[in-house]
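Asker: Have a look at this one before I ask anything.
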Amino acid sequence: MGKTVRESALDVLLKIEKNQAYSHLLLNDTRKKAGLDRRDSALLTEIVYGTIQRKLTLDYYLKPLIKKDLYKLDTWVLVLLRLSIYQMVYLDRVPERAVVHEAVTIAKSLGHKGISGMVNGVLRSFQRTERPSFDAIKDPVERLSIQTSHPSWLLERWIKQYGLEETEAMCMENLTPAPVSMRVNVVKTSREALLEKLVEEGIEAKPAELTEDGIIIEKGAVFETSAYLSGLMTAQDESSMLVARALAPEKGMSVLDTCAAPGGKTTHLAERMNNQGHVLALDLHPQKVKLIKQQASRLELSIIEAQALDARKLVDHTERYDRVLVDAPCTGFGVLKRKPDIKWAKSEKDVQQIATIQKNILQAASTCVSVGGLLVYSTCTVDKDENEGTVQAFLKENPEFSLDASLKDRLPKALDSERFTDGMVTVLPQDHHSDGFFITALKRNA
């Protein structure tokens, strides 16, 4: 007999806790191996992401119920208690008695009688007692940290960069489920035609509000539809769809995408060029280059050439391009509702280290831009050191580049104008319920 959903959830959470493994990769692997049906797969995903997402809040609820230091418990016991409390607080459709019963059964199979008794006692106490209030936490940063489950050091950075109100809104938004958004492959169909086809296939969808290339899936298994399999669309967040617009490639142009895997933006560039011209897509990892090729093949985009290359070595590259994209590696603090484990895996030191890598890639890629051409730098983080800081440092050393103030004209009117500065725009997660993103356009002058 295979493992139950909650046993599988415990396995995944322990691997993430011990090995800093990526939750989405582990979940995919676990779902395949366990052979779960769609309903159980959804519950597994909900428990895993929810428990990671709400970790500090769950620990705050648990602390008064544990006689010794919470963090001295065996890791598996702590994680089992967390995922059980998560279900009791946040999942209305799961009866509490079922949660307690299964937690005790798992504790019996993994530990001794004393541990299963303790797990039973803690969960039954939680059922009986009132949850501790967040108002008891006097320090506002600590209170926000525990209430929204974000590390204090990160909140302090955001408050410094955006103020308390924006930070609070960002934290609350990060706890909401990410929408399933798809990009229409305009080389093969239109948004209207795709929406009609999806209705025929039993999918509920609506036009995206931020981008005219996007649709939001409200209900249904979109990745199993013939519309998806035949390349009429691809998964991409709405904020991410803005990048190709910012770069504005035209038919027949030569375009370089320097950090391209898994190929979402690469394929969008080719679509906006109506599959005419040349797009060279690079990525550091050969196995990720395969993903770009698979995407291009499914979407039937023939102008994409994908190669494995470290973008920092582009200084030796003699070719020049009309458009160059640097969608740089970053901390990913804009995508916390999709990848909640990032907030626990990263530290302040990581921000500085990654900013150095970004500067090196941007510098190397800039040597490939033709005179009069455009260089777009984008990230899926909201940290200003990785965003504005990286761009300003680059401009200081490269006077032949200037910020392209016309960026605003190429992006949707729906974008909050307050977020624009000359040639740069930031999208915070709460602005349009999309990912947090930063985009800047730089022009190479003679």
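The values are calculated or read from the model by the stated rules, or taken from the named source; none is laboratory data. As the structure is a computational prediction, the values presented were derived from the model and not from experiment. A quick note on method: Cβ atoms are made from the backbone with ideal geometry, for glycine too, and the neighbour counts reach across all protein chains shown. We work out accessible area using only protein heavy atoms, side chains counted, and drop any ligands, DNA or RNA first. Shrake-Rupley method; radii C 1.70, N 1.55, O 1.52, S 1.80 Å.
Asker: Hey, could you check region 83-95 for residues that are among the hydrophobic types (A, V, I, L, M, F, W, C) and outside any helix (DSSP H, G or I) and say which is nearest to Ile16 (Cα to Cα)?
Answerer: Leu91
Asker: Go through region 375-393 and give me each residue that's among the hydrophobic types (A, V, I, L, M, F, W, C), out of contact with any Cys (no Cβ under 7 Å at 6 or more places or on another chain) and open to solvent by 10 Å² or more (accessible area, probe 1.4 Å).
Answerer: Hit for region 375-393 is Ala393, nothing else.
Asker: For region 94-125, which residues satisfy the criterion of being of a type in the set (D, E, K, R), surrounded by fewer than 17 Cβ atoms within 10 Å (Cβ to Cβ) and farther than 14 Å from Leu65 by Cβ?
Answerer: Those that are of a type in the set (D, E, K, R), surrounded by fewer than 17 Cβ atoms within 10 Å (Cβ to Cβ) and farther than 14 Å from Leu65 by Cβ: Glu96, Arg97, Lys108, Lys113.
Asker: Also, quick follow-up: Having 1 or more residues that are of a type in the set (Gly, Ala, Ser), more than 21 Å from the chain's Cα centre (by Cα) and within 24 Å of Asp322 (Cα to Cα) is the bar; report the strands (runs of 3 or more DSSP E) wholly within region 400-446 that clear it.
Answerer: The strands (runs of 3 or more DSSP E) meeting that bar are 401-403, 437-444.
Asker: State yes or no: is Ala296 more than 15 Å from Arg323 (Cβ to Cβ), within 23 Å of the chain's Cα centre (by Cα), in a loop (DSSP other than H, G, I, E, B) and free of Cβ contacts under 8 Å to residues at least 60 places away in the same chain?
Answerer: Answer is no for this residue.
Asker: While we're looking at this one, here's another question. I'm trying to understand the selection: among the residues of region 266-309, which are touching a helix residue (DSSP H, G or I) at 6+ places or on another chain (Cβ under 7 Å), within 20 Å of Leu242 (Cα to Cα) and surrounded by fewer than 22 Cβ atoms within 10 Å (Cβ to Cβ)?
Answerer: Hit for region 266-309 is Arg272, nothing else.
Asker: For the subset of region 310-345 comprising residues that are free of Cβ contacts under 8 Å to residues at least 12 places away in the same chain and open to solvent by 30 Å² or more (accessible area, probe 1.4 Å), which member is nearest to Ile146 (Cα to Cα)?
Answerer: Among residues in region 310-345 that are free of Cβ contacts under 8 Å to residues at least 12 places away in the same chain and open to solvent by 30 Å² or more (accessible area, probe 1.4 Å), the one nearest to Ile146 (Cα to Cα) is Asp316.
Asker: I'm told Glu348 meets every condition in (1) open to solvent by 40 Å² or more (accessible area, probe 1.4 Å); (2) touching a strand residue (DSSP E or B) at 6+ places or on another chain (Cβ under 9 Å); (3) within 30 Å of Thr45 (Cα to Cα); (4) among the acidic types (Asp, Glu) except one. Can you identify the failing condition by its number?
Answerer: Failed condition: (2).
Asker: Just to verify a result, which residue in region 152-164, among those that are open to solvent by less than 30 Å² (accessible area, probe 1.4 Å) and over 19 Å from Thr176 (Cβ atoms), is nearest to the chain's Cα centre (by Cα)?
Answerer: For region 152-164, the residue satisfying everything is Arg157.
Asker: Let me ask something else about it. On the given criteria, is Gly372 at pLDDT 95 or above and at positive phi?
Answerer: Against the criterion (at pLDDT 95 or above and at positive phi), Gly372 qualifies.
Asker: Evaluate region 227-239: report whether one residue or more is modelled with pLDDT of 95 or more, outside any helix (DSSP H, G or I), among the aliphatic types (A, V, I, L, M) and open to solvent by 20 Å² or more (accessible area, probe 1.4 Å).
Answerer: yes
Asker: Here are some residues: Leu80, Leu123, Leu56. Which one is among the aliphatic types (A, V, I, L, M), within 17 Å of Ser149 (Cα to Cα) and assigned to a helix (DSSP H, G or I)?
Answerer: Leu56
Asker: Does Thr390 meet the test of being outside any loop (DSSP other than H, G, I, E, B), closer than 28 Å to Leu154 by Cβ and in contact (Cβ under 8 Å) with a residue 60 or more places away in the chain?
Answerer: In short, yes.
Asker: Would you mind stating whether Tyr49 is free of Cβ contacts under 8 Å to residues at least 40 places away in the same chain, within 26 Å of the chain's Cα centre (by Cα) and within 25 Å of Pro340 (Cα to Cα)?
Answerer: It is false that Tyr49 is free of Cβ contacts under 8 Å to residues at least 40 places away in the same chain, within 26 Å of the chain's Cα centre (by Cα) and within 25 Å of Pro340 (Cα to Cα).
Asker: Does region 207-226 hold any residues that are part of a loop (DSSP other than H, G, I, E, B), under 21 Å from the mean Cα position of the chain (by Cα) and buried (at least 16 other Cβ atoms within 10 Å of the Cβ), and which are they?
Answerer: Hits for region 207-226 are Ala208, Leu210, Thr211, Asp213.
Asker: What pairs come out if I take residues in region 24-36 that are on the phi < 0 side of the Ramachandran plot and open to solvent by 50 Å² or more (accessible area, probe 1.4 Å) and pair them with residues that are in a loop (DSSP other than H, G, I, E, B) and among the charged types (D, E, K, R) whose C-beta lies under 8 Å away, six or more apart or interchain?
Answerer: Pairs that qualify, where the first residue is on the phi < 0 side of the Ramachandran plot and open to solvent by 50 Å² or more (accessible area, probe 1.4 Å) and the partner is in a loop (DSSP other than H, G, I, E, B) and among the charged types (D, E, K, R), are His24/Arg338; His24/Lys339.
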